[in-house]
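Can you read through this structure? Questions will come right after.
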There are 2 protein chains.
Amino acid sequence: MVYIVEDFSITPWEAKGKIDYNKLIEQFGTKAFDETLKNELASLAGEMHIFFRRNIVFSHRDFELILKDIKSGQGFFLYTGRAPGGPMHIGHILPFYLTKWLQEKFKVNVYIMIADEERYLQRDDLTYEDATKKWAYDNILDIIAVGFDENRTFIFQDTEYISKLYPKALRIAKKINFSLAKAVFGFENSTNIGIIFYPAIQMAPTFFEKRRCLIPAGIDQDPYWRIQRDIAEGMGYYKTAALHLKLIPALTGIWEKMSTSKPETCIFLKDDEKTVSSKIMKHAYSGGQATIELHRKLGGNPEVDVSFQWLYYFFEEDDAKIKKIEEDYRSGKMLSGELKQILVEKINKFLTVFREKRENAKELVNVFKYEGKLAKQMWEME
Amino acid sequence: MVYIVEDFSITPWEAKGKIDYNKLIEQFGTKAFDETLKNELASLAGEMHIFFRRNIVFSHRDFELILKDIKSGQGFFLYTGRAPGGPMHIGHILPFYLTKWLQEKFKVNVYIMIADEERYLQRDDLTYEDATKKWAYDNILDIIAVGFDENRTFIFQDTEYISKLYPKALRIAKKINFSLAKAVFGFENSTNIGIIFYPAIQMAPTFFEKRRCLIPAGIDQDPYWRIQRDIAEGMGYYKTAALHLKLIPALTGIWEKMSTSKPETCIFLKDDEKTVSSKIMKHAYSGGQATIELHRKLGGNPEVDVSFQWLYYFFEEDDAKIKKIEEDYRSGKMLSGELKQILVEKINKFLTVFREKRENAKELVNVFKYEGKLAKQMWEME
């Protein structure tokens, strides 16, 4: 079963010109994720993740080679991560569901870096203990709750796994001089020397296997992989491939970014039902009209309505249903409050299940970090 | 028994103005190692190492506080190291004898960093394996041969011990921005990002104990410790103390530096008796006259004669004997060839014993790195 909804492609960010994804593709020198790729992936996977159906994956590097590696039987591996400095929100966790889907479909290894030192080095107000103990542990529970394969997934904290990362990072670091790093990452004189070295650590896992690495991430992470792609083959490895995801907008407006430090912009994975409801009702930017009368007459605008966008991005998986919601909202048949209510229910349903999985995750931490089949192998790696 | 030879202080580098040690003290903002310190150290140690008697230790930071810590019973610890990229020569090993002497006298811990990654990152022609395996092992044998206390000494390779170094290095790195690092270490745009981070690694062991760290080293290493001294107290540790040693000159001339890549400038610890003899006879810069007749008449100049300087620096420990040699050479009674012959014999005697100790060291590598009392503690360190 393959779901690709060709005639249904709402791209509000492009429409509004605030984030022009075609421009990003041009600017970063990547390729658009086109219908040919989608169809081929769909036929290999047997179905399609919502992120492909809804064009959330908008760009890529070398994904056609990943498809080739799948077909040839060589396979590939997935690499993603999280820098722990606070609680995770919806925007942080959703990309992990794409990673999990790819793992399920192709039975591949997933490496998840908990870049505790990165966040510690970046944030003046964050203690070493909070980054490497408190938030690392907290975020790992969230990630495990997504439901990765415990024998094909390795979750590692940089400060714990550094003995294996450092040798690879050194080989990488030797090939990156300050000019290059400065140009690519925008380092300044005030940047600390830990941050300057860190890109070498972040690149190290792309050399965990002598297969192609696939990284699902925001396109803003692309600079890391551009350098990796410049040096990988000279080091006897593959250039890393990537899938680039559109940003899920802030509750407060489609041109804003969710931010942990502004709770009204996001739903945290730990928000309770009342908080979810009150945040969405109060803060979710609405595409509706000023009065019910006007709304019935003129209809709402789903392109700027954040509740609709969140449903579209992830929370209403059913293509027929989301299409109906869009039509009803646009026509004025559905009111903003009703639309918000749908999102509240969807998110609370999602979080109820998530909370339970998160609770169960506590017993799986050691499996994903140390005892699972892949984890064990990685700790024994030379 | 205390040997301090007040009236005997040949300081050829100062005399010649090529290396003005007083100027270095001024430039680096350190303090001269004066008679008061010498006398106090002598009375605490019960005797004096040749480096103090001969003013090879010419400068220091906070050594008066080290003496205070000895007297109060708080104690201190020693930290030194080596970046392995080739065979060690006489100039590399002699400072370790001072460290060993201090350990013996005050029963303190010694931490020896094998900065394998530093050398690897610095040298384009050095492979990762050569730095971290071949030369690291080779140099460790040389260091063990010096005779450190196996339960009070920890030898660690950065690439192996990084799991313990990294957390400390991160805390340090967060306090050093690129401007500061650039100003202090002279980094350029072409410097790789590994080298830029490395100072944080090199500083980490100064925080191994909540006691004062003493580092015997060339004054050229002082920049590392100046930064350490700026940040240590804010991190709850002591500012590191240091002893600065004069350079032992190259065989080929007192204003040159021994260099591994120019074998004629140095005696390697693995040079055999014939090589030692031939290098000294051929290459040791002589302070003698052009002919025997002239030499008998005018006498030699020990200030520029490298053979004399080497005897003075380390190889003729007996103060009365070195004084006699100096007088005989200066008067013309002793010829250059005779002076060289004394050095050949002294070095070959030293190396014969050293070779045997080096052979025995092979069985001690695991003790110093992993199994000795201090090593074990350090691997268990949180």
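Assuming 1.002 mPa s and 20 °C, estimate D for the stretch B:130-184 with Stokes-Einstein, Rh taken as the Kirkwood radius over Cα pairs, in µm²/s.
155
Cα gyration tensor of the stretch B:288-382, axes a ≥ b ≥ c as square roots of the eigenvalues: rounded (a/c below 1.5), prolate (a/b > b/c) or oblate?
Prolate, since a/c reaches 1.5 and a/b exceeds b/c.
If you take the square roots of the eigenvalues of the alpha-carbon gyration tensor of chain A and sort them as a ≥ b ≥ c, do you get rounded (a/c under 1.5), prolate (a/b over b/c) or oblate?
Prolate.
Follow-up. Assume the label is 7 Å from Cα along Cα to beta carbon: what separations in nm does residue B:65 have to the matching positions in the other copies?
Once sorted, the set of distances for residue B:65 reads 5.4 nm.
Could you please point out the chain A residue with its Cβ nearest to the axis of the rotation taking chain A onto chain B, and the distance in whole angstrom?
A:197, 2
Can I ask one more? Grab the other residues whose beta carbon is less than 14 angstrom from that of residue B:223, score K and R as +1, D and E as -1, and report the net.
Spelling it out: positives minus negatives among the neighbours equals +1.
Further, regarding this structure: Taking the Cα centre of the protein assembly as shown as origin, sum charge times position over the Cβ atoms of Lys and Arg (+1) and Asp and Glu (-1), and report the length of that vector in debye to the nearest 20.
Working: 110 positive and 110 negative charges, 2 e Å.
The dipole of the protein assembly as shown has a size of about 20 debye.
Which net charge results for the neighbourhood of residue A:157, defined as the other residues with beta-carbon distances under 14 angstrom from its beta-carbon, given Lys and Arg at +1 and Asp and Glu at -1?
Around residue A:157, the charge tally is -2.
Could you run the Debye sum over the Cα atoms of the protein assembly as shown, one equal point scatterer each and no solvent, and tell me log10 of I(q)/I(0) at q = 0.06, 0.07, 0.08 Å⁻¹, two decimals?
-0.50, -0.63, -0.76
Hey, for residue A:360 with labels 7 Å out along Cα-Cβ, what do the inter-copy distances come to in nm, ordered shortest first?
So the distances to the same position in the other copies read 6.2 nm.
Take every residue in peptide B:195-208, count the Cβ atoms of other chains within 10 Å of its Cβ, and give the average of those counts.
Other-chain Cβ atoms within 10 Å of each residue's Cβ, averaged: 3.
Grab the DSSP H runs of chain B that are 4 residues or longer, score each as -39,500 (n - 2.57), total them, divide by all residues and round the 222 nm result to the nearest 500 deg cm²/dmol. Mind showing how you got there, number by number?
Numbers: 18 runs with 187 residues, N = 382.
One gets -14500 deg cm²/dmol as the mean residue ellipticity at 222 nm.
Same structure, new question: Counting only other chains, what is the mean number of Cβ atoms within 10 angstrom of the Cβ of each residue in peptide A:163-176?
Numbers: counts 8, 2, 3, 10, 8, 1, 5, 15, 5, 3, 10, 12, 3, 4.
Mean partner shielding for this stretch: 6.
Take every residue in peptide B:181-194, count the Cβ atoms of other chains within 10 Å of its Cβ, and give the average of those counts.
Mean shielding by partner chains, rounded to a whole number: 6.
Given a cut-off of under 8 Å on Cα pairs at least six residues apart, what relative contact order in percent is computed for the stretch B:254-357?
Once divided by the residue count of the stretch B:254-357, the mean separation gives 29 percent.
Give me the tail of P(r) for the stretch B:192-250 as a percent: Cα-Cα pairs with distance above 13 Å. Intermediate values should be presented prior to the final figure.
Values: 1078 of 1711 pairs.
Value for the stretch B:192-250: 63 percent of Cα pairs lie more than 13 Å apart.
Let me ask something additional. Determine one quarter of the surface area of the Cα convex hull of the stretch B:85-237, which equals its mean projected area, and express it in nm² to one decimal.
If you wrap the Cα atoms of the stretch B:85-237 in a convex hull and average its projections, you get 9.3 nm².
Also, quick follow-up: Taking the Cα centroid of the stretch B:250-319 and of the stretch A:210-226, what is the distance between the two, rounded to the nearest whole Å?
58
Let me ask you something else. Filter the DSSP H helices in chain B by two things, a Kyte-Doolittle mean of at least 0.0 and an axial alpha-carbon span of 20 angstrom or more, and list the hits by number. Mind dumping the intermediate values first?
Values: long enough: B:90-106 (25 Å, 0.18); B:336-361 (36 Å, -0.57).
Both cut-offs are met by B:90-106.
Right, another one. List, shortest first and in nm to one decimal, how far the label point of residue A:275 (7 Å from Cα along Cα→Cβ) is from its counterparts in the other copies.
6.9
Highest first, please rank the peptides B:235-244, B:121-130 by the mean number of other Cβ atoms sitting within 10 Å of their residues. Let's see the in-between values first.
Details: B:235-244: 20.9, B:121-130: 14.9.
Highest to lowest by the protection proxy: B:235-244, B:121-130.
Separate question: Compute the relative contact order of chain A as a whole-number percentage, counting only Cα pairs closer than 8 Å that sit 6 or more residues apart in sequence.
19
May I ask you to compute the full-extension gain from residue A:333 to residue A:352, defined as 0.36 nm times their residue separation minus their alpha-carbon distance, rounded to one decimal in nm?
Fully extending the segment from residue A:333 to residue A:352 adds 3.9 nm.
Every number here is computed from the coordinates shown, using simple stated rules; none is lab data. Remember, it's a predicted structure, so these values are computed and weren't measured experimentally. Virtual Cβ from ideal backbone geometry, glycine too; neighbours counted across all protein chains shown.
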